[in-house]
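Student: Sending over a structure as structure tokens; questions will come in a sec.
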Amino acid sequence: MKFLVIGGDAAGMSAASRAKRNIPNLDIVVFEKTLDVSYSACGMPYNLQDPTRKMDDLIVRAAKVFEEKQGIKVMLNHEVISINPNSHEIIVKSPTQEYREEYDKLLIATGASPIIPDIPGIKNNGIFTLKSLEDGRKIKNYIISNNVKSALIIGMGYIALEMCEAFRALDIKVTMIKPRPKLIPWMNEQLSTVIKKELEDHNVELVFGQELKSVEKTNDSLIAHFDTLDIKTDLILFAIGITPNSQLAKDAGLELGPKGSISVNRQMQTSDPDIYAAGDCADSYHVVTGNKVWIPLALRANRGGYAVADHIAGKYVYMHGVTGTAVFKVFDLEVARTGLSLNEAKEAGFDPQEEVIESRSRAHAHPGSSTIYCQMVGDKRSGKLLGCQMVGKEGCAHRINAVSVALHKGMLVEEYAQCDLAYAPPFGPVWDPTLVAANQLLRKL
């Protein structure tokens with residue numbers, strides 16, 4: 001049997017490696033259009049903070065290692081330009097030719113791409129996105145070689161906030177700007193205000209309600225033209241979101257899901273049973289709502305790759321879905337979420353109620369204790385736990401996992417409030433912040 005993989009990062013290489021372990025004589029070929037496979041993309045903002053570190057430190061395993069140690073053929077700089085499900089073949093574009101390759105089973109693991117607006121001057125030197133390892137190399141080299149002193153970040157999402165910290169660590173002046181009026185639209189306003197203050201305390205300028213119209217290149221800088229202001233800067237980073245790379249699947253007649261992602265079933269199969277999709281290009285099921293969603297996160301990509309490999313080997317596979325659990329760092333703050341926000345719960349048809357509490361990261365009077373803000377959402381009709389958000393200087397990143405597990409088990413708020421969570425003064429108060437939030441939320445349900 002011949003198994004072809006399109007895309008050589010998390011989902012693609014996880015699938016290829018596990019498939020080879022499952023079926024040692026399986027013929028596997030991975031096609032990757034860049035020159036990198038299997039790297040820690042999430043580590044790029046932190047790598048950028050240290051000029052002495054090489055971006056290649058983030059490579060987990062080089063392409064040649066997969067071939068030498070596992071017998072997996074990895075074709076770098078090879079782009080798959082079309083899929084023909086009827087003839088079970090793909091067309092590949094290499095640096096020298098185009099050719100056809102037949103398959104028995106195929107995995108599309110093409111990931112996602114940054115959204116870049118179509119405006120005048122967008123291709124000027126000094127304008128970047130951050131998605132691939134090569135993007136990280138280019139940004140790092142540009143900062144060093146051009147002695148960058150100022151950066152303009154378009155957007156205020158996960159990557160934007162992480163890159164903001166990276167730039168400030170290099171003593172680069174940062175301005176963040178977006179057309180919408182809220183810093184983080186899905187977040188409770190009280191928690192969002194805490195993040196806003198943290199950014200301002202680190203001398204980050206925040207500008208809302210301005211849409212970029214064009215970029216002008218001068219001899220020594222870039223000038224970004226917005227609705228009512230112009231900003232002169234050394235570097236521009238676009239971080240306004242990503243979109244799934246699903247065009248190959250669409251052109252092949254495969255069904256698409258939310259936001260144009262590739263629709264897959266619980267076994268990671270597309271609408272063609274011999275073609276799978278996994279990673280940031282594919283959709284999933286939300287545990288809380290049961291509906292299809294597109295939430296591109298690293299664990300789902302790796303797990304999806306494993307599931308594909310197991311299903312090809314004839315093993316039982318059933319992907320339960322996601323709760324959208326995520327955590328990111330904003331200077332000294334940990335920001336975490338799982339499940340549905342209040343607005344997302346309303347849109348899903350629930351009758352949601354939220355509670356926001358302030359608690360402590362450690363026991364009362366224990367040295368080093370700091371404030372934790374916790375928002376919890378429940379359904380008034382069923383009493384079901386729907387979601388949670390947390391912000392604080394410590395204790396949020398791992399606490400959120402308890403709530404995620406509760407969501408996976410479909411717990412009621414009342415049931416979560418009765419959970420036996422660990423206590424010791426250096427790690428938290430007797431009543432864990434999530435338990436306090438659950439108990440107070442119960443009064444509103």
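Student: From the set of residues in the stretch 384-408 that are in contact with a helix residue (DSSP H, G or I) (Cβ under 8 Å, 6 or more places away or on another chain) and in a helix (DSSP H, G or I), which is farthest from residue 352 (Cα to Cα)?
Tutor: 399
Student: Within the stretch 188-206, work out how many residues are part of a loop (DSSP other than H, G, I, E, B) and either within 20 Å of residue 389 (Cβ to Cβ) or not aliphatic (A, V, I, L, M) (or both). It would help to see each step written out before you state the result.
Tutor: From the stretch 188-206, those part of a loop (DSSP other than H, G, I, E, B) are 188, 202-204; that's our starting set.
Checking the rest, the ones that are also either within 20 Å of residue 389 (Cβ to Cβ) or not aliphatic (A, V, I, L, M) (or both) come to 188, 202-203.
Here the count works out to 3.
Student: Here are some residues: 237, 254, 212. Which one is in contact (Cβ under 8 Å) with a residue 40 or more places away in the chain, in a loop (DSSP other than H, G, I, E, B) and touching a helix residue (DSSP H, G or I) at 6+ places or on another chain (Cβ under 9 Å)?
Tutor: After applying the criteria, what remains is 254.
Student: Any chance the stretch 135-145 includes a residue that's buried (at least 16 other Cβ atoms within 10 Å of the Cβ), part of a helix (DSSP H, G or I) and of a type in the set (Val, Ile, Thr)?
Tutor: Within the stretch 135-145 (the criterion being buried (at least 16 other Cβ atoms within 10 Å of the Cβ), part of a helix (DSSP H, G or I) and of a type in the set (Val, Ile, Thr)), the answer is yes, since at least one residue qualifies.
Student: If residue 435 passes every condition in (1) in contact with an Asp or Glu (Cβ under 9 Å, 6 or more places away or on another chain); (2) in contact (Cβ under 8 Å) with a residue 12 or more places away in the chain but one, which one does it miss?
Tutor: (1)
Student: Can you pull out the residues in the stretch 147-187 that are under 21 Å from residue 116 (Cβ atoms), assigned to a helix (DSSP H, G or I) and open to solvent by 20 Å² or more (accessible area, probe 1.4 Å)?
Tutor: Once the filter is applied, which keeps residues that are under 21 Å from residue 116 (Cβ atoms), assigned to a helix (DSSP H, G or I) and open to solvent by 20 Å² or more (accessible area, probe 1.4 Å), the stretch 147-187 yields 158, 159, 162.
Student: Kindly list, by first and then second residue, each pair from a residue in the stretch 100-117 that is free of Cβ contacts under 8 Å to residues at least 40 places away in the same chain and more than 30 Å from residue 159 (Cα to Cα) to a residue that is outside any loop (DSSP other than H, G, I, E, B) and open to solvent by less than 20 Å² (accessible area, probe 1.4 Å), limited to pairs with Cβ atoms under 8 Å and residues at least 6 apart or on different chains.
Tutor: What qualifies is 100/90; 100/92.
Student: Report, by residue number, each residue of the stretch 360-380 that is open to solvent by 50 Å² or more (accessible area, probe 1.4 Å) and under 13 Å from residue 342 (Cα atoms).
Tutor: Once the filter is applied, which keeps residues that are open to solvent by 50 Å² or more (accessible area, probe 1.4 Å) and under 13 Å from residue 342 (Cα atoms), the stretch 360-380 yields only 380.
Student: Check the stretch 91-104 and report whether any residue there is aliphatic (A, V, I, L, M), modelled with pLDDT of 95 or more and touching a His at 6+ places or on another chain (Cβ under 8 Å).
Tutor: There is at least one residue in the stretch 91-104 that is aliphatic (A, V, I, L, M), modelled with pLDDT of 95 or more and touching a His at 6+ places or on another chain (Cβ under 8 Å).
The values are calculated or read from the model by the stated rules, or taken from the named source; none is laboratory data. Here the structure is a predicted model, which is why all the values come from computation and not from measurement. Cβ: placed from backbone, ideal geometry, glycine included. Neighbour counts: every protein chain shown. Protein only, heavy atoms only, side chains kept; ligands, DNA and RNA dropped before computing areas. Shrake-Rupley method; radii C 1.70, N 1.55, O 1.52, S 1.80 Å.
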